[in-house]
Every structure is written in C-alpha cells, then in structure tokens.
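Undergrad: Please find one structure pasted underneath; my questions will follow.
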Amino acid sequence: MLPTGLRGVARNPRTFRPAFLYSCQIHSSQVASKTVTEKVADVADKVNKKVGKGLASAIEVGEKATEKTKETIGSSTETAKGRAESATQTVQEKTESAKQTGREKFESAKKSTGEATEETRRKANEVTGKSS
C-alpha cells in the first residue's frame, strides 16, 4: 500500500485516488437522475395538460356563447311572435271596425234611398193625381 495518510479508505483501482474524492463530485438530483426518455415524457405530459386545459377552456367559452345565442334567438322569436299576434289582432279589430262602418253606411244609404224612393213615389202620385 502506498502511504497517503488515509488508512482504511477504499481506493479507486484505476487512478489510485481515494473513493471519497469521487463521491464529492457525484451529486444526485432529479434532473441528473432522469434519462432523456423520462425528460421527454415529462415535457410531453406538461404540454398535453396545458393543451387540454386550453381546449377545455375554449369548449366552455363556446358552450356559453351557444347558450347566449339560444337565449337571444329564443327571446327574439318570442318577441316576434308577440308582435305578430298583436299585429294580427290589430288588423282583425280594424277589419271588424271597417265592416261595421260599412254596414252602418249601407244601412244609412239604404234608408236614405228608401226614403227618397218613397218621397219620389209620393210626389209621382201627387203629380199623377193632379193631372187626372
């Protein structure tokens, strides 16, 4: 054995240096202990999760927009139906009013015509009665 001053310390047979010198150079950390395949798998997993979260968020936004659109279309449809019903009712009321006014005018004209006819007959009788 070579005199090194270190008794009982294991020696590295390749360089004849004590083993404790090598242990100081070797450190164990998670980065150093992972293989390239493991590192790639970790990065791929992180990317996959971030993309998944982004897509889930986009889907949620799309669903909210769809709901909002359905609500807007539904309320617009209901409003349009209400307006159409109101317009139909107004048209029916106006039509009925016009019919009633027309009937009244017709009856008035008929009455006036009847009175005029009676008046004309009476006058015709008077004229014929005077001439005979």
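The values are calculated or read from the model by the stated rules, or taken from the named source; none is laboratory data. The structure presented is a predicted model; accordingly, all values stated were derived computationally and were not measured. In this analysis, Cβ positions are derived from the backbone assuming ideal geometry, glycine residues included, and neighbour counts consider all displayed protein chains. Only protein heavy atoms, including side chains, enter the accessible area calculation; ligands, DNA and RNA are left aside. Shrake-Rupley method; radii C 1.70, N 1.55, O 1.52, S 1.80 Å.
Undergrad: Can you go through 86, 97, 76 and tell me which one is of a type outside the set (Asp, Glu), open to solvent by less than 90 Å² (accessible area, probe 1.4 Å) and more than 40 Å from the chain's Cα centre (by Cα)?
TA: On the way: 86 fails: more than 40 Å from the chain's Cα centre (by Cα); 76 fails: more than 40 Å from the chain's Cα centre (by Cα).
Of the residues listed, the single one that is of a type outside the set (Asp, Glu), open to solvent by less than 90 Å² (accessible area, probe 1.4 Å) and more than 40 Å from the chain's Cα centre (by Cα) is 97.
Undergrad: Still on this structure: Could you tell me which of the residues 34, 123, 130, 110 is loosely packed, with under 10 Cβ neighbours inside 10 Å, of a type in the set (Lys, Arg) and modelled with pLDDT under 85?
TA: Working: 34 fails: loosely packed, with under 10 Cβ neighbours inside 10 Å; 123 fails: loosely packed, with under 10 Cβ neighbours inside 10 Å; 110 fails: loosely packed, with under 10 Cβ neighbours inside 10 Å.
Residue meeting the stated conditions: 130.
Undergrad: Please verify whether residue 34 is under 29 Å from the mean Cα position of the chain (by Cα) and without any contact (Cβ under 8 Å) to a residue 40 or more places away in the chain, treating the condition exactly as stated.
TA: On the way: under 29 Å from the mean Cα position of the chain (by Cα): no; without any contact (Cβ under 8 Å) to a residue 40 or more places away in the chain: yes.
Taking the combined requirement at face value, the residue does not satisfy it.
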